Amino acid sequence: MKHIILFASGSGTNVENIVKYFEGHSAIAVSCVFTNKRDAFVIDRCNAMGVPAFSFNGPAFKNGSILLQILKNLKPDLIVLAGFLRKIPSEMVADFPEKIINIHPALLPKYGGKGMYGKHVHREVKANKEKESGITVHYVNDHYDEGAIIEQRSVSIASSDSEDEIARKVQELEHLHYPRIIEAVLTEN
Ligand code: GAR
(Lines give C-alpha, C1' and ligand atoms only; values in the text may rest on other atoms or scores of the structure.)
Protein backbone atom coordinates (compact mmCIF):
# COMPACT_ATOMS: atom_id res chain seq x y z
CA MET A 1 0.00 0.00 0.00
CA LYS A 2 1.24 3.52 -0.81
CA HIS A 3 0.21 6.23 1.58
CA ILE A 4 -0.54 9.90 1.17
CA ILE A 5 -0.47 12.74 3.66
CA LEU A 6 -2.66 15.74 2.87
CA PHE A 7 -2.03 19.37 3.85
CA ALA A 8 -4.85 21.94 3.86
CA SER A 9 -5.61 25.36 5.32
CA GLY A 10 -9.28 26.01 4.71
CA SER A 11 -12.61 24.53 3.84
CA GLY A 12 -11.22 21.23 2.61
CA THR A 13 -13.52 20.36 -0.27
CA ASN A 14 -10.50 18.93 -2.10
CA VAL A 15 -9.45 16.94 0.97
CA GLU A 16 -12.92 15.46 1.25
CA ASN A 17 -13.00 14.63 -2.44
CA ILE A 18 -9.55 12.99 -2.34
CA VAL A 19 -10.34 10.98 0.81
CA LYS A 20 -13.58 9.69 -0.75
CA TYR A 21 -11.83 8.83 -4.03
CA PHE A 22 -9.25 6.63 -2.27
CA GLU A 23 -11.66 4.99 0.19
CA GLY A 24 -11.39 1.27 -0.41
CA HIS A 25 -8.61 1.75 -3.02
CA SER A 26 -6.51 -1.38 -3.42
CA ALA A 27 -3.10 0.34 -3.62
CA ILE A 28 -3.35 3.89 -2.19
CA ALA A 29 -4.57 5.17 1.18
CA VAL A 30 -4.83 8.60 2.82
CA SER A 31 -3.09 8.35 6.21
CA CYS A 32 -3.90 11.70 7.74
CA VAL A 33 -4.39 15.41 7.19
CA PHE A 34 -2.27 18.25 8.55
CA THR A 35 -3.51 21.82 8.82
CA ASN A 36 -1.88 25.06 9.90
CA LYS A 37 -5.26 26.44 11.08
CA ARG A 38 -6.74 24.95 14.16
CA ASP A 39 -10.25 26.20 13.33
CA ALA A 40 -10.17 25.26 9.62
CA PHE A 41 -13.36 23.61 8.41
CA VAL A 42 -11.24 20.81 6.94
CA ILE A 43 -10.97 19.45 10.50
CA ASP A 44 -14.78 19.14 10.74
CA ARG A 45 -14.76 17.30 7.42
CA CYS A 46 -12.05 14.93 8.70
CA ASN A 47 -14.01 14.34 11.90
CA ALA A 48 -17.09 13.45 9.87
CA MET A 49 -15.09 11.06 7.65
CA GLY A 50 -13.11 9.49 10.49
CA VAL A 51 -9.77 10.68 9.10
CA PRO A 52 -7.01 11.68 11.56
CA ALA A 53 -6.35 15.42 11.41
CA PHE A 54 -3.57 17.33 13.14
CA SER A 55 -3.14 21.08 13.41
CA PHE A 56 0.14 22.84 13.98
CA ASN A 57 1.27 26.40 14.63
CA GLY A 58 3.87 28.61 12.95
CA PRO A 59 6.94 27.52 14.95
CA ALA A 60 6.12 23.86 14.24
CA PHE A 61 6.48 24.46 10.52
CA LYS A 62 10.00 25.65 9.92
CA ASN A 63 13.39 24.14 9.20
CA GLY A 64 14.59 21.97 12.06
CA SER A 65 11.16 21.55 13.62
CA ILE A 66 9.77 18.45 15.25
CA LEU A 67 6.95 18.36 12.69
CA LEU A 68 9.42 17.95 9.83
CA GLN A 69 11.05 15.13 11.80
CA ILE A 70 7.66 13.48 12.35
CA LEU A 71 6.88 13.74 8.64
CA LYS A 72 10.16 12.04 7.78
CA ASN A 73 9.38 9.24 10.23
CA LEU A 74 5.95 8.77 8.67
CA LYS A 75 7.63 8.08 5.30
CA PRO A 76 4.73 9.14 3.07
CA ASP A 77 4.89 8.11 -0.59
CA LEU A 78 3.38 11.47 -1.50
CA ILE A 79 2.54 14.70 0.30
CA VAL A 80 -0.44 16.39 -1.34
CA LEU A 81 -1.19 20.07 -0.81
CA ALA A 82 -4.91 20.63 -1.19
CA GLY A 83 -5.61 24.28 -0.49
CA PHE A 84 -2.55 24.65 1.74
CA LEU A 85 -1.51 28.29 1.86
CA ARG A 86 1.80 28.32 3.72
CA LYS A 87 5.18 28.14 2.04
CA ILE A 88 6.83 24.72 2.38
CA PRO A 89 10.12 24.99 4.36
CA SER A 90 13.22 24.36 2.26
CA GLU A 91 14.26 21.43 4.48
CA MET A 92 10.95 19.70 3.80
CA VAL A 93 11.35 20.23 0.04
CA ALA A 94 14.82 18.68 0.28
CA ASP A 95 13.56 15.76 2.40
CA PHE A 96 10.86 14.88 -0.11
CA PRO A 97 12.25 15.42 -3.62
CA GLU A 98 9.44 15.10 -6.20
CA LYS A 99 7.18 13.83 -3.42
CA ILE A 100 5.24 17.01 -2.68
CA ILE A 101 2.59 18.15 -5.13
CA ASN A 102 0.27 21.14 -5.14
CA ILE A 103 -2.85 22.23 -6.95
CA HIS A 104 -3.10 25.85 -8.01
CA PRO A 105 -6.43 27.34 -9.17
CA ALA A 106 -5.10 28.94 -12.38
CA LEU A 107 -3.06 28.17 -15.45
CA LEU A 108 0.49 28.71 -14.18
CA PRO A 109 2.78 30.53 -14.77
CA LYS A 110 -0.06 33.05 -14.90
CA TYR A 111 -1.55 34.13 -11.57
CA GLY A 112 0.96 32.36 -9.35
CA GLY A 113 3.32 33.49 -6.60
CA LYS A 114 3.05 34.84 -3.07
CA GLY A 115 -0.42 36.12 -2.19
CA MET A 116 -1.98 34.45 -5.20
CA TYR A 117 -4.40 31.94 -3.77
CA GLY A 118 -8.11 31.17 -3.77
CA LYS A 119 -10.34 34.13 -4.54
CA HIS A 120 -7.39 36.48 -5.14
CA VAL A 121 -6.55 34.42 -8.21
CA HIS A 122 -10.09 34.47 -9.59
CA ARG A 123 -10.37 38.23 -8.98
CA GLU A 124 -7.28 38.84 -11.12
CA VAL A 125 -8.48 36.46 -13.82
CA LYS A 126 -11.77 38.40 -13.97
CA ALA A 127 -10.04 41.81 -13.87
CA ASN A 128 -7.83 40.83 -16.80
CA LYS A 129 -10.82 39.62 -18.83
CA GLU A 130 -9.26 36.20 -19.39
CA LYS A 131 -11.14 33.92 -21.74
CA GLU A 132 -9.99 30.83 -19.91
CA SER A 133 -8.70 29.72 -16.55
CA GLY A 134 -8.09 26.32 -15.03
CA ILE A 135 -5.98 24.24 -12.72
CA THR A 136 -2.29 23.39 -12.50
CA VAL A 137 -0.95 20.42 -10.58
CA HIS A 138 2.79 20.74 -10.04
CA TYR A 139 5.69 19.52 -7.93
CA VAL A 140 6.65 21.82 -5.07
CA ASN A 141 10.08 23.41 -5.03
CA ASP A 142 11.58 26.29 -3.08
CA HIS A 143 9.63 28.97 -4.95
CA TYR A 144 5.88 29.55 -4.80
CA ASP A 145 4.09 27.88 -7.72
CA GLU A 146 7.25 27.35 -9.78
CA GLY A 147 7.84 23.59 -9.57
CA ALA A 148 7.62 21.35 -12.63
CA ILE A 149 4.10 21.10 -14.01
CA ILE A 150 2.48 17.68 -13.93
CA GLU A 151 -0.84 18.47 -15.59
CA GLN A 152 -3.04 21.43 -16.48
CA ARG A 153 -6.73 21.56 -17.35
CA SER A 154 -8.56 24.60 -18.65
CA VAL A 155 -12.12 25.89 -18.74
CA SER A 156 -13.72 28.70 -20.75
CA ILE A 157 -14.63 31.89 -18.97
CA ALA A 158 -17.51 34.01 -20.29
CA SER A 159 -17.26 37.78 -19.95
CA SER A 160 -20.45 37.62 -17.85
CA ASP A 161 -18.96 35.12 -15.37
CA SER A 162 -18.59 36.54 -11.85
CA GLU A 163 -15.55 35.76 -9.67
CA ASP A 164 -17.72 33.23 -7.85
CA GLU A 165 -18.70 31.57 -11.10
CA ILE A 166 -15.04 31.37 -12.16
CA ALA A 167 -14.22 29.85 -8.75
CA ARG A 168 -17.03 27.32 -9.17
CA LYS A 169 -15.81 26.28 -12.63
CA VAL A 170 -12.24 25.90 -11.41
CA GLN A 171 -13.32 23.94 -8.33
CA GLU A 172 -15.26 21.57 -10.56
CA LEU A 173 -12.04 20.88 -12.48
CA GLU A 174 -10.13 20.34 -9.24
CA HIS A 175 -12.61 17.79 -7.97
CA LEU A 176 -12.76 16.03 -11.32
CA HIS A 177 -9.02 15.73 -11.90
CA TYR A 178 -6.90 16.05 -8.74
CA PRO A 179 -7.54 12.55 -7.29
CA ARG A 180 -6.86 10.92 -10.65
CA ILE A 181 -3.63 12.91 -11.12
CA ILE A 182 -2.49 11.90 -7.61
CA GLU A 183 -3.22 8.29 -8.49
CA ALA A 184 -1.24 8.60 -11.74
CA VAL A 185 1.76 10.18 -9.99
CA LEU A 186 1.83 7.36 -7.42
CA THR A 187 1.36 4.67 -10.01
CA GLU A 188 4.06 5.97 -12.33
CA ASN A 189 6.71 6.52 -9.61
C1 GAR B 1 -8.45 25.38 -4.00
O2 GAR B 1 -9.11 26.09 -5.02
C3 GAR B 1 -6.97 25.32 -4.30
O4 GAR B 1 -6.67 25.28 -5.66
C5 GAR B 1 -6.51 26.62 -3.69
O6 GAR B 1 -7.22 26.71 -2.49
C7 GAR B 1 -8.51 26.16 -2.69
C8 GAR B 1 -8.87 25.29 -1.51
O9 GAR B 1 -10.20 24.88 -1.56
N10 GAR B 1 -5.09 26.61 -3.49
C11 GAR B 1 -4.33 27.69 -3.71
O12 GAR B 1 -4.79 28.75 -4.03
C13 GAR B 1 -2.83 27.45 -3.50
N14 GAR B 1 -2.09 28.57 -3.98
P15 GAR B 1 -10.72 23.74 -0.60
O16 GAR B 1 -10.27 24.10 0.81
O17 GAR B 1 -12.21 23.78 -0.73
O18 GAR B 1 -10.14 22.45 -1.07
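The residues of the stretch 131-150 that are surrounded by 16 or more Cβ atoms within 10 Å (Cβ to Cβ) and of a type outside the set (Phe, Trp, Tyr), listed by number, are SER133, GLY134, ILE135, THR136, VAL137, HIS138, VAL140, ASN141, ASP145, GLY147, ILE150.
Yes/no matrix, rows are residues, columns are (1) surrounded by fewer than 19 Cβ atoms within 10 Å (Cβ to Cβ); (2) modelled with pLDDT of 95 or more; (3) in contact with a Lys or Arg (Cβ under 8 Å, 6 or more places away or on another chain):
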| site | (1), (2), (3) |
| --- | --- |
| CYS46 | no, yes, no |
| PHE54 | yes, yes, no |
| PHE84 | no, yes, no |
| PRO89 | yes, yes, yes |
| ALA94 | yes, yes, no |
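Only one residue in HIS104, HIS143 is of a type outside the set (S, T, N, Q), closer than 23 Å to VAL42 by Cβ and within 13 Å of the ligand (Cβ to nearest atom). Which one? After ruling out the rest, the residue left standing is HIS104. Among the residues of the stretch 152-173, not a single one is among the acidic types (Asp, Glu), in contact (Cβ under 8 Å) with a residue 60 or more places away in the chain, under 18 Å from SER11 (Cβ atoms) and within 11 Å of the ligand (Cβ to nearest atom). With respect to the conditions (1) touching a residue at least 60 places away in the same chain (Cβ under 8 Å); (2) in a strand (DSSP E or B), SER31 lacks only one, and its number is (1).
The values are calculated or read from the model by the stated rules, or taken from the named source; none is laboratory data. From a predicted model like this one, the values you see are computed outputs, not experimental measurements. Positions of Cβ are generated from backbone atoms using ideal geometry, with glycine treated the same way; all protein chains shown enter the neighbour counts.
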